[in-house]
Structure formats: structure tokens, C-alpha cells
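*Asks:* Once you've had a glance at the structure underneath, I'll fire off some questions.
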Amino acid sequence: MSEILFIDFAEVCSKIEELSGSIAITEIVSDFFKCLDDDELSIASHFIMGKVFPEWSPYEMGVGPGLLYEAAKLAYTVGKNEINDILRSTGDIGRTFQELSKRRTQQTLFVEKLTIKSVNASFVEIAKREGKGSQKMKIRLLADLFLQATPLEARYLARLVLEELRIGVGEGIVRDAIARAFEVDVRLVERALMITNDPGVVATFSRNYGNDGLESVELYPMRPVKMMLAQVAEGIEDALTQIPSPAIEWKFDGTRVQIHKYDGEIKIYSRKLENVTKSIPEIVAVVKREFVADSVILDGEVIAIDEDGKPRPFQDILRRFRRKYRVEEMQNLIPLHLHIFDILYLDGRTLIDLPLSERRQILEKIAVSGDAPIAEHYLVEDVSAIETIYNEAIDAGHEGVMVKNRDSRYTPGKRGKNWLKIKPLMETLDLVVVGGEWGEGRRANLIGSYTLACLDPERDKLLKIGRVGTGLTDEKLLEFTEIFSDLVIGEDGSEIVFKPAIVFELAYEEIQKSTKYDSGYALRFPRVIRLREDKSVEDADTIERVERLYKKRFE
Ligand code: AMP
């Protein structure tokens, strides 16, 4: 097999972009996968989803639109104004780079053609540059890449660098394409994807070892796996009709952690799967002291507590989790508590396919004593008993309760119906900020309003649902303008398009049907409650939840 060029990848992207049906797209992706050797397959399977590195990878590009424009200036010897003009006329960062590459006057002689592997190697080089002077090096390396790229390559390279490929290929299509290309069972592909968090591994495994190989895929301690998520239930009765014999736990008001132990060492990952071990040494110590296991993966919530033992605001937890220096000092100031509620792996055995009730027994068995920080778990089935637990949780300053299906598997990364959360009313929505608009008059230099979108996980799309602006103080507008200025990937007049990266929590008066936005809904009087720093785009609310909240009005 000859080495696959980056232009082959770019052409596949371009073909896919012209299609809309997922079957046709799956076919193209699947045929492409078949042409690749193992290394290329490992890379292309996340490139095609617009991911520079697999999610568990320690590497991060650290390149936002700002740096990318700097690279464009260097590679194409243009000024920011010219770039802005093109951005305005094309409305898209990919097409902007394609145009810049076309206009390039100075041609480099004897450039080597880009291959999938060489682009990946450059990405690793760029990611490795950290610390002082690294920005300049990153710009230089990026500019070198663009100098080697043809216009079509530049288009997809720019979008890939920002992880904004937007050709409509998500995990579902990659899953189906792998199953089709290597003739393996799609359900086994799905399970392996959940476990490894790495489509490259799953694709090469499928080709080389077939269904048997996929069945033998296990979790690895020290490699984080996506966390299982919860859906909202609209009250206790609603939860009980969905899960008649549940296990009830408090919904602790803290932040999620996944704890890995291997060979005496412990690593802790945040909800976004960042390694936060160093900033929370007391949690490391508790796990070492309170659980007996050679290797284990635990799931739980860390809360920050005040003098009365009540949970402190989320901002305080962030002050602990972000800290690199003076960790000890902060330990006294903002003490943390751990509550473990699940176990995914123990001493060489993956446990996620076991029912929750069995996982729970295993978890209790590895506790050194009754003091182990395991969340209380109540097996109750009637409304009033659950109400009591709910009220206790609220009185203790927590968020409500989780209603879990005792018979359910642990499904990493999935927001299924086996974990339901019940919180007090005043439903807020977590929405992705996808665009904005420059203000007017006194606020001309500020982004005055923001366009919001919810998720359509089935189609791997973001659907717009409204705009929020009024009600933000000048101070907040300034703070947000600074954050969002680095995420601009398109402009049209005063309208701005952002790389979807930030999630706002919104309150609103009501949800209405609307033809104005592609979600089919709009929010009346939306108000920003806060920026959800702990949430990534995938954690935002779905169109399904919006529809449910809308219908609730008529019940
Ligand atoms: P939300 O952030 O509103 O989507 O609610 C889900 C989150 O609740 C999880 O990601 C956990 O961080 C948190 N949580 C608190 N207590 C529990 C619990 N007992 N079981 C599962 N998740 C919990």
C-alpha cells in the first residue's frame, strides 16, 4: 500500500461535505478506512471526526483561532485586514485558508507532499511546545504546514487544527463505517468505542482480530474513559415510571472525578478527563488509605465543604482543581470531601457490563472500613421514601437525588435513561455558545449578544435556539468578549461565528415553538446564570430535553 496523502483525506472530506444522508457518508468513510494501513487508520479515524488527537491522549494542540491567524500571516505574508476581508466574504475559516493559499504568490519549490502521517507528526510537534516562547514556535510550525498545503488541503487543515471540521461525521458514522469496512458487529464496535475512547484502536482491532478481538477489549487503568451521564427526570413520579425499582443516591453538589490506581500510583481525572491529581493530594491519600485494590477505576464526586460541612459554591472547587502552586495552603482553606458511587474496573477485570447492583457489592467489598468514602445508596421504591431522601439531600446543601437503574450496565459517555437526576424546579438549560454580535454605541467594542444552541447527538449537530444579551453587566460583557475573541472562526457584518467550546447555563421564562432557529424552538427572556467551565460541548442539553420541557407546559 502506498502512503496515503493528506490530499486524499481532504478530497474525502470535500465529497462528504456535499452529501447529507448518513448512509452515503458512512459508505465513503468506510471505503476510505479500507485503503489505510494500521497507523493511518489510527490517525484518520479521529481526524475524520475533527479530532486532532484521541480523547485520552495527553497531547493538546493549544491552538485557537488567534494563533492560527498568526500562522496565516506568516505563511501567506498577509495582514490581519486582508484575512478579515476574506473571512467576511467566505464566512468560514476553512474557505478563508483555501482562498489565502490560492492567492499565494510566492511558491515554494520542491515541497514534500503532505501525508496523513506527516501531518499527524507535525501536530505532535506543535502540541509538545509548551511554556516560554512556545507560541512563536507553534506559529512557525503551523506556517510550515500551510506552506506545504495545496488550497484544498489548507481548507481542511485549518478546520482540523481548530477541531472544527464540521463535515457531519460523528462517532455514530465512524462506528457504522468501521463495522461495514471490516465486517464486524456494530454493537461490539460501539462497546469497544465506549471502553477505549479511541476509534483508531477499535478500527485496527476490528480489521486484525474481528469480533473476537472486539469482545476481548478491556479498560486500562491510567487511561481515562468517558463518564456515564444522567438525564433529567421531571420529578419523582416521572423517575419511578421510568425506573420502577431504583437505587437512590444524593446528587452531590461538587465536581466529577474518575480515579485510577495502578501499581501503587494514583491518577485522578476531571469531568473533562484532565489529569488533576497534583491539585488534590488529600483525595489521593484517602483513596490509598480507604480502598484495597492493586488496580482499580472508581467514579465519584468531590465536594468542597465549609465550616458546617455544607458544600461550598462551585467556584471554590475550581480554585482547588486549577491550582498548581501553594496546593497545601489551599487544602486548609478549601477542604475537599470524596463520595465514590461506582467502580468500573478491579484487578484486571472490566466491570462495566455487570449490573449496578453487582458493581456496588464489589465496591463495598474493597472498602477498608465503614469510613470509606462511599456514597449512601438506598434501595427504595415508593415516592415518599424517595422524597425524604431528596429533602435530606437539599437540606444538606446538595442538588437533589440520582435515581439509578439497579440492573443497568455502566455506559461510558452515554446519557441514557438508566441514571436520572432530580433537581428542584427552575429548570435551566446548558447551551453551547455558537455565535455572537458586536454591540452598538457605547458597547461597540463588546460582543453584545450571544447565539445559543442545543445538541442533536443523533445527527452530531448543534441546533440554534436563541440569543441572549440584555441583562449582562458591562463587566460580564467585557469578560466574555475577552474569552470569545479567541474563538472567532467566521464573521459576517456584525455577526460572529464562534468555535463551539463554551457552555452557558441559562434561565428563561418559557420555551416557544419558532421557525427562526433551526431547532424549531426559541427561549423567551433568556438570562445567563453562569459560564459552565466544567462542561464541554458534549455535555450541553439536547434537543430531546428541550422538546420535553416544551411539552411539559401542556401537561
Ligand atoms: P449534571 O451535571 O446536572 O448533568 O448532573 C450529573 C452530574 O451529577 C454527574 O456528572 C456528577 O458529577 C454529579 N453527581 C453528583 N452525585 C452523583 C451521584 N450520586 N451519582 C452520579 N452522579 C452524581
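*Asks:* Any residue in region 280-302 that is hydrophobic (A, V, I, L, M, F, W, C), out of contact with any helix residue (DSSP H, G or I) (no Cβ under 6 Å at 6 or more places or on another chain), within 16 Å of the ligand (Cβ to nearest atom) and open to solvent by 20 Å² or more (accessible area, probe 1.4 Å)?
*Replies:* The answer is no; no qualifying residue exists.
*Asks:* Which pairs have Cβ atoms under 8 Å, sit 6 or more apart or on different chains, and link a residue in region 266-291 that is over 17 Å from Val327 (Cβ atoms) to one that is open to solvent by 60 Å² or more (accessible area, probe 1.4 Å) and part of a loop (DSSP other than H, G, I, E, B)?
*Replies:* Leu273/Glu55; Leu273/Trp56; Arg289/Val368; Glu290/Val368; Glu290/Asp371; Phe291/Val368
*Asks:* While we're looking at this one, here's another question. So, of the residues in region 535-546 that are within 16 Å of Lys417 (Cα to Cα) and of a type outside the set (Val, Ile, Thr), which turns out to be nearest to the ligand (Cβ to nearest atom)?
*Replies:* Across region 535-546, the extreme among qualifying residues is Asp539.
*Asks:* Testing Ala233 on (1) surrounded by fewer than 19 Cβ atoms within 10 Å (Cβ to Cβ); (2) more than 13 Å from Leu338 (Cβ to Cβ); (3) within 16 Å of the ligand (Cβ to nearest atom), one condition comes back false. Which one is that?
*Replies:* Among (1) surrounded by fewer than 19 Cβ atoms within 10 Å (Cβ to Cβ); (2) more than 13 Å from Leu338 (Cβ to Cβ); (3) within 16 Å of the ligand (Cβ to nearest atom), Ala233 violates only (1).
*Asks:* Within region 394-464, which strands (runs of 3 or more DSSP E) (wholly inside it) include 3 or more residues that are closer than 29 Å to Lys51 by Cα, open to solvent by less than 20 Å² (accessible area, probe 1.4 Å) and in contact (Cβ under 8 Å) with a residue 12 or more places away in the chain?
*Replies:* By residue number, 429-438, 447-456.
*Asks:* Take the conditions assigned by TED's automatic domain parsing to the domain that holds Asp353, under 29 Å from Arg175 (Cα atoms) and under 22 Å from the mean Cα position of the chain (by Cα) and apply them to Arg223. Does it pass?
*Replies:* Judged against the criteria, Arg223 is not a match.
Listed here are the residues, each with its yes/no results for (1) modelled with pLDDT under 95; (2) closer than 30 Å to Asn391 by Cβ.
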| site | (1), (2) |
| --- | --- |
| Arg180 | no, no |
| Glu183 | no, no |
| Arg191 | yes, no |
| Asn197 | yes, no |
| Ala203 | no, no |
| Glu218 | yes, no |
| Ala233 | yes, yes |
| Asp238 | yes, yes |
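*Asks:* Then there is this: When you check Ala247 against the structure, is it within 12 Å of the ligand (Cβ to nearest atom), buried (at least 18 other Cβ atoms within 10 Å of the Cβ) and modelled with pLDDT under 90, yes or no? Working first, answer last.
*Replies:* On the way: within 12 Å of the ligand (Cβ to nearest atom): yes; buried (at least 18 other Cβ atoms within 10 Å of the Cβ): yes; modelled with pLDDT under 90: no.
So Ala247 does not fit the description; no.
*Asks:* From (1) closer than 24 Å to Lys535 by Cβ; (2) modelled with pLDDT under 95, pick out the condition that doesn't hold for Gly309.
*Replies:* Going through the list (1) closer than 24 Å to Lys535 by Cβ; (2) modelled with pLDDT under 95, Gly309 breaks only (1).
*Asks:* Just give me the residues in region 502-537 being at pLDDT 90 or above and open to solvent by 40 Å² or more (accessible area, probe 1.4 Å), in sequence order.
*Replies:* Thr515, Lys516, Asp518 - these are the residues of region 502-537 that are at pLDDT 90 or above and open to solvent by 40 Å² or more (accessible area, probe 1.4 Å).
*Asks:* If you check Phe9, Phe53, Phe47, which single one turns out to be surrounded by 16 or more Cβ atoms within 10 Å (Cβ to Cβ) and farther than 25 Å from Val488 by Cβ? Spell out how you get there, then give the answer.
*Replies:* Working: Phe53 fails: farther than 25 Å from Val488 by Cβ; Phe47 fails: farther than 25 Å from Val488 by Cβ.
Checking each option against the conditions leaves just Phe9.
*Asks:* Please work out if Leu165 is out of contact with any His (no Cβ under 7 Å at 6 or more places or on another chain), modelled with pLDDT under 95, at negative phi and of a type outside the set (S, T, N, Q).
*Replies:* Details: out of contact with any His (no Cβ under 7 Å at 6 or more places or on another chain): yes; modelled with pLDDT under 95: yes; at negative phi: yes; of a type outside the set (S, T, N, Q): yes.
Taking the combined requirement at face value, the residue satisfies it.
The values are calculated or read from the model by the stated rules, or taken from the named source; none is laboratory data. The shown structure was predicted, so the numbers you read here are calculated from the model rather than taken from an experiment. Glycine also receives a Cβ, built like all others from the backbone with ideal geometry; neighbour counts cover every protein chain displayed. Ligands, DNA and RNA are excluded from the accessible area calculation, which covers all protein heavy atoms including side chains. Shrake-Rupley method; radii C 1.70, N 1.55, O 1.52, S 1.80 Å.
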